[in-house]
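Worksheet: the structure to be examined is printed underneath.
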Amino acid sequence: MVCHYLVKGRVQGVGFRWFVQREASELGLKGWVRNTEEGHVEIVAAGVPEDLAELKVELRKGSRGSRVDAVIEHELAESEGENLGEFNIEGAW
């Protein structure tokens, strides 16, 4: 299963991407997380439905210092997950 998440709120500049990367890696998910120009955080994750559901629970909680106002979820085609590797942070230094 492959899901796209858009997390809205105070989620930039508060370690949110690193929080997502750690949670997703612990769950064994593949994919990536990155900031958007609009101030949100975008995630694509692939794995079994139970692990994706657990990730969504963690996304709603957020990292320390963050404030999550909304988590918008879309299921993607399985083919979207074929080229995903180990979960990483895109655009991080």
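For first residues located in region 62-74 and within 16 Å of residue 22 (Cα to Cα) and of a type outside the set (Ser, Thr, Tyr), partners that are at pLDDT 95 or above and part of a strand (DSSP E or B) and lie 6+ apart or on another chain with Cβ distances below 6 Å form the pairs 62/68.
When each of 23, 75 is tested for being at pLDDT 95 or above, outside any loop (DSSP other than H, G, I, E, B) and touching an Asp or Glu at 6+ places or on another chain (Cβ under 6 Å), the lone residue that passes is 23. Report whether or not residue 32 is in a helix (DSSP H, G or I), within 13 Å of the chain's Cα centre (by Cα) and in contact (Cβ under 8 Å) with a residue 24 or more places away in the chain. So residue 32 fails the test.
The values are calculated or read from the model by the stated rules, or taken from the named source; none is laboratory data. Computed from a prediction, not measured in an experiment: that's the story for all the values here. Quick reminder, even Gly has a Cβ in these numbers, built from the backbone with ideal geometry, and neighbours come from all protein chains shown.
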